[in-house]
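Reading through the structure tokens given below for one structure.
The values are calculated or read from the model by the stated rules, or taken from the named source; none is laboratory data. Since the structure is predicted, the reported quantities are computational estimates derived from the model, not experimental observations. Here the Cβ is made from the backbone with ideal geometry for all residues, glycine too, and neighbour counts use every protein chain on show. What goes into the accessible areas is simple: the full protein's heavy atoms, side chains included, and nothing from ligands, DNA or RNA. Shrake-Rupley method; radii C 1.70, N 1.55, O 1.52, S 1.80 Å.
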Amino acid sequence: MSRNVLSRNSLLAALFFCAAFLYLFLEVRYHLIFKEQMIMFLFDSCYVDSILSKPAFAAQLAGDFFTQFFLFSTLAPALTLIALFFLWLGLRYLFLKHHIANPAIWALFPTAAEFALQTQFEYPLAMALGAAMSVWAALLCSNISNNRLRALVSLLLTIAAYPLVGAYALLFIFLVIASERHSLLNIAILCLAAAVSIWCEHLYYQMTLPDFISYPVIPGYNIRYTHIFLCVPALAIVPIIFGGRKLNPYIVFTFSLILAASGAIFFHDSQREYDLKLSSLAYHGKWNNVAELAASNDFESQTGAYYRNLTNARNGVLVQELLNGYQPLIYGLFMPVNGNESYIKIFASVDAMLQCRDYAQAQHAAIVGMNFSPRQTSTRMTRVLAEVAIINRDTLAAKRYCSMLKKTLFYKNWAVDAESVMYDDTGFERNMVADTVFKVNDFQNSLRSILSSDPSNRTALDYLLCFDLLQKNLVEFMNDYDRFYMPYYRNFIPPVIYQQALEMMEAGMEYNISQEVEDANQDFLSGNESKYRNSYWFYFKYAQAAE
Amino acid sequence: MKNIITLISTLLLSACVSFNNYDTRKCKPEIFPDYTDIDIPVNIAPLNFMMNGASCLMVEIEGREKWVFKSGGCQMRFPLRKWKKMLETENNETLNVTVYAEISGVKYRFSPFKWTVHAEKIDSYISYRLIEPAYEVWNVLSIEERCTENFNSRNIANNAITGHSCMNCHTSNRAQVPATFLHARSEGGGTLYCRNGNWRKLDTSTDSTSGPAVYGEISKDGRFGIFTTADIRNGLHSAAMERFEVFDNSSDLILLDFEKGTVTDSPVVKGPAFQETFPCWSANDSLIYFCRAESLPQPQRTKEMHYNLFSIAFDSRTGRLADSISLVFDAAAIGKSVSLPKCSPDGKKILFCVSDYGTFPIWHIETDMWMLDIESGEIDKLEQTNGQFSDSYHCWSTNGRWMCWASKRIDRVYGRPFFAFVREDGSVAKGFVLPQENPGFYNFTFKSYNIPELYDVAEPYDAWDVSAFYSDMKTERMEYVKHDTK
């Protein structure tokens, strides 16, 4: 191959990887960042044991290790790209070994498919690493010149492939079978070994065959078309089987780009990226950015409304701004926590609960959120559990969660700091809530319980009254207002929204309703409604749940 | 793979351990799990432990002979064969266990503690449900069977292959020909009943009872089952240390006749005035013990629910429950509430949970196990056995000399299976947790061990069998037979 061809091919490959990096960084960065919150890599033998007992342990261990670096926004796309680069590099050498012209360009073809898959939420980095491991293992086999030895090593690796790399064992199997295509006997033996090992191993690991074949992709969550990864092994063997000599490299490159772009577009979900960005920024305490982003809720997303309310509450203007933006009834205040709800929302739901100091619901949401995430672990939720346990003076539980976080790379310092607070009794004032029993997601009774023991909790008070209002339950609003607002804020002028609701209930003089609000109400009732689109009267009359 | 790595690392690390010179510490070592001064069965798996901060360990065990074990890290993992040989040699002996540890470059010898080895064996198998303590919902759960004599375990039910359905209450009657059941919920589910290797899938709900069978036991002959049928609800506690409350809006007892395929009851253990739950058989199946409280609106008055322990006679020849009940233990009189009674195999004792109120003890931190001597009526509060937090879901070994239960003493959140020896005089020794191959295991799992159950004969099925029964087997609908009031 001439130097010019090499340079051209390298340049095209570099172009592809630059474009891929830009797309990952600009369009799906928070899809990647959120993956870090759904795993928990521990530097502990128990954790390693737990991974060793599952299929794809080599890919999974490497994947989890690198995914913890996704905490840093630039490293997330960079590490994904590095995994893809190793896949491409392995394929390039393999194709070179098979005397395929322009191997660097042909190697882009399956790499582009894997890139598109990596843009999916929940699609683990372990898949790209597993693919790379499979390709390099196939390369190792193809470098063995002794036919018998090569066949033997291929056979052994075929059997070991699933426990090592999971789903992309098929990539290895496809590649070695394609390499051995001139020996029918070898193909038969390899096919038989692959089929028997897959069958036995799925029984051993107690997974259904479809689940087993796609692992470490876990079906049943947010990944559409779990088995679409099979296109990568299929594309990888095309040049080996059909030679690929006659095709113009620019055509192959263009096809690779089209494949990557169309796949990325197909899997792209702008609203989810927006929701994940809000949730992740909140998790990292970047509340100014959250406020800015939530204010422009172009998708009319529930998460957007939820974080707009939450940032307003943090700034003490929840009531004032309540009806100045998209408001999906009560679901903009709290996100319900149950098995039917996406764990992404459950992760986010904890933030409002913590803001209201509703630790019982927050603890519940953290455990349910973690339980309903694909791997049933989460650094983010473990941190919440540790926080709640510390606040509750639940020392043993706090120690347990902190001891886990101390075994991580990036939460170790947080856990050490948290433990120092735990043993300092002056750090927190224990919130002595009078104990009541209420149903999960019964936010009103939960907030009432909090306010009974801590009437100064203004965030909880505003959330409760706003909840009543958004639910259009004016009787409950009056009861809660009389019980929790009046005794402490009687001498203050209530926020306009409260005044508007009180006016509807024909509340008396002692409620401090301004003349301006009374006049506006008359104006509204006389049919001049369009002037009051942001009023509670307008909301009460027209707001309804979307079909 | 895991075993190979462990073996190689243990051999390499333990080769360099020597404790010729050391400082003496006049305290017992802080090991995890706490295996100091316990009574152990001769057939228990190695009591592997760890000591935080130690860079190498040596354990000297002295009984009839002297046994030395070394480890090149903070974990002491006893080799299975040598451990077995040691226990067989030291049967019925009290062993002095001395731990030597190197911590921050200094070698220490700690005060010895005791292991008393008992010839009375613990059952060879324990089953438990592994589930995240996610309160009322579940995602991934399995029922595991673990051999208590080594570290082998296998799933006997796994909802990953049954469409993520709920599975619970795997229970054996521990008879020579064991009969076991487990409930598989969701569509296509039912109560899976296995006797003599024969499986049946039963729909235990009828039009005349309030729902399917929930908590219960099978009689020794495997023919009858006594169960609760209940409308179970749950809620959150707002107070800091409480987490969750499970309560029944209503609950009754039902008797299943597996041979006839019938469900029956008795007017004295059903109806809206009282709630009856957690039934168990007496040793000879002539009595059924159960918990009963006056029915009050829930959850408003959950804290006023105080369950007492009652019994009702049962005639196994006619399959008929009696028309009257007797009070066995008045917990309400002392402001307590009883749950989960379990009668000892010799019929002399009843072990039950005692909480401040309510029916569901596992989330109550104050829950302890108490032992009632049936003949004398004396209560043993098992202070040496109960932990700081909830101790519940107990069961007896087949020979009645061991008890097993789920305790949250390690971290208050996650239940772990504990064992304790029951002495001839009925007193109970200090408990110890089910040993694990990796002693740090309990610190790094989000799973709770739910409903531990001892039995001596391994289940003849595995998770794939259960999956097949779940999806393929036809459900037998049980018929309600009205109680004969004669």
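Quick notes on this structure:
- In segment A:494-527, the residues that are in contact (Cβ under 8 Å) with a residue 40 or more places away in the chain and open to solvent by less than 30 Å² (accessible area, probe 1.4 Å): A:Pro495, A:Ile497, A:Tyr498
- Residues (surrounded by fewer than 18 Cβ atoms within 10 Å (Cβ to Cβ), in contact (Cβ under 8 Å) with a residue 60 or more places away in the chain and part of a loop (DSSP other than H, G, I, E, B)) located in segment A:528-543: A:Asn534, A:Ala543
- Within segment A:206-257, restricting attention to residues that are of a type outside the set (Ser, Thr, Tyr) and on the phi > 0 side of the Ramachandran plot, the residue that is most open to solvent (accessible area, probe 1.4 Å) is A:Gly220.
- Any hit, segment B:350-372, residues being part of a strand (DSSP E or B), under 30 Å from A:Ile390 (Cα atoms) and open to solvent by 30 Å² or more (accessible area, probe 1.4 Å): yes
- Criterion (charged (D, E, K, R) and either crowded, with 19+ Cβ neighbours inside 10 Å or under 30 Å from B:Gly400 (Cβ atoms) (or both)) met by exactly one of B:Glu102, B:Glu65: B:Glu102
- Restricting segment B:142-156 to residues that are of a type outside the set (Asp, Glu), under 15 Å from B:Asn450 (Cα atoms) and more than 10 Å from chain A (Cβ to nearest Cβ) leaves a set whose member that is surrounded by the fewest Cβ atoms within 10 Å (Cβ to Cβ) is B:Arg146.
- Hits in segment A:109-139 - residues which are at pLDDT below 95 and either hydrophobic (A, V, I, L, M, F, W, C) or open to solvent by 40 Å² or more (accessible area, probe 1.4 Å) (or both): A:Phe109, A:Phe121
- Residues (of a type in the set (Gly, Ala, Ser), assigned to a strand (DSSP E or B) and either out of contact with any strand residue (DSSP E or B) (no Cβ under 9 Å at 6 or more places or on another chain) or without any contact (Cβ under 8 Å) to a residue 24 or more places away in the chain (or both)) located in segment B:142-172: B:Ser153
- Residue, nearest to the other protein chains (Cβ to nearest Cβ), within segment A:12-50, restricted to residues that are among the acidic types (Asp, Glu), assigned to a helix (DSSP H, G or I) and open to solvent by less than 50 Å² (accessible area, probe 1.4 Å): A:Asp49
- Some residue of segment B:326-348 being within 14 Å of another protein chain (Cβ to nearest Cβ) and either β-branched (Val, Ile, Thr) or free of Cβ contacts under 8 Å to residues at least 40 places away in the same chain (or both): no
- Scanning segment B:157-167 for residues that are surrounded by fewer than 21 Cβ atoms within 10 Å (Cβ to Cβ) and among the β-branched types (Val, Ile, Thr) yields a count of 0.
- Within segment B:80-91, being part of a loop (DSSP other than H, G, I, E, B) and free of Cβ contacts under 8 Å to residues at least 40 places away in the same chain holds for one residue alone: B:Glu90.
- Taken over segment B:154-184, the residue count meeting the criterion of being at pLDDT below 85 and farther than 30 Å from B:Ala283 by Cα is 7.
So that you can scan it fast, the table gives a plain yes or no per residue for (1) modelled with pLDDT under 95; (2) open to solvent by less than 10 Å² (accessible area, probe 1.4 Å); (3) within 12 Å of chain B (Cβ to nearest Cβ); (4) on the phi > 0 side of the Ramachandran plot:
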position	(1), (2), (3), (4)
A:Ser373	yes, yes, yes, no
A:Thr377	yes, no, yes, no
A:Thr382	no, yes, yes, no
A:Asp394	yes, yes, yes, no
A:Leu405	no, yes, yes, no
A:Thr408	no, yes, yes, no
A:Asp417	yes, no, no, no
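Every residue, every condition in (1) touching a strand residue (DSSP E or B) at 6+ places or on another chain (Cβ under 7 Å); (2) away from chain B (no Cβ under 11 Å); (3) open to solvent by less than 20 Å² (accessible area, probe 1.4 Å), yes or no:
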{"residue": "A:Arg314", "(1), (2), (3)": "no, yes, no"}
{"residue": "A:Met335", "(1), (2), (3)": "no, yes, yes"}
{"residue": "A:Asn340", "(1), (2), (3)": "no, no, no"}
{"residue": "A:Lys345", "(1), (2), (3)": "no, yes, no"}
{"residue": "A:Ala352", "(1), (2), (3)": "no, yes, yes"}
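- Some residue of segment B:216-239 being in contact (Cβ under 8 Å) with a residue 60 or more places away in the chain, basic (Lys, Arg) and within 14 Å of chain A (Cβ to nearest Cβ): yes
- Of the residues screened, A:Phe212 is one that is touching a residue at least 60 places away in the same chain (Cβ under 8 Å), assigned to a helix (DSSP H, G or I) and closer than 25 Å to A:Glu122 by Cβ.
- Residues that are more than 14 Å from chain A (Cβ to nearest Cβ) and part of a loop (DSSP other than H, G, I, E, B) within segment B:117-141 comprise B:Ala119, B:Glu120, B:Lys121, B:Ile122, B:Asp123, B:Ser124, listed in sequence order.
- Residue list for segment A:51-77, restricted to those being more than 14 Å from chain B (Cβ to nearest Cβ), assigned to a helix (DSSP H, G or I) and open to solvent by 30 Å² or more (accessible area, probe 1.4 Å): A:Phe65, A:Phe66, A:Phe69, A:Leu71, A:Leu75
- Filter result for the condition that a residue is at pLDDT 95 or above, closer than 30 Å to A:Lys399 by Cβ and touching a helix residue (DSSP H, G or I) at 6+ places or on another chain (Cβ under 8 Å), over B:Val413, B:Val433, B:Val428: B:Val433
- Filtered by the rule that a residue be touching a residue at least 60 places away in the same chain (Cβ under 8 Å) and among the hydroxyl-bearing types (Ser, Thr, Tyr), segment B:28-74 gives B:Tyr35, B:Thr36, B:Ser71.
- Test set (1) open to solvent by less than 30 Å² (accessible area, probe 1.4 Å); (2) part of a strand (DSSP E or B) - B:Ala313 fails condition number: (1)
- As a summary of the residue check, A:Asn309 satisfies the conditions (1) in a helix (DSSP H, G or I); (2) surrounded by fewer than 16 Cβ atoms within 10 Å (Cβ to Cβ); (3) not hydroxyl-bearing (Ser, Thr, Tyr) except for the one numbered (2).
- Given (1) out of contact with any Leu (no Cβ under 9 Å at 6 or more places or on another chain); (2) in a helix (DSSP H, G or I); (3) touching a residue at least 60 places away in the same chain (Cβ under 8 Å); (4) under 15 Å from A:Leu117 (Cβ atoms), number of the condition A:Cys231 does not satisfy: (1)
- Restricting segment A:275-299 to residues that are under 18 Å from A:Arg314 (Cα atoms) and among the aromatic types (Phe, Trp, Tyr), the residue that is least open to solvent (accessible area, probe 1.4 Å) is A:Tyr283.
- Flag: A:Leu96 does not match the condition of being part of a helix (DSSP H, G or I), open to solvent by less than 10 Å² (accessible area, probe 1.4 Å) and either more than 14 Å from chain B (Cβ to nearest Cβ) or in contact with a strand residue (DSSP E or B) (Cβ under 7 Å, 6 or more places away or on another chain) (or both).
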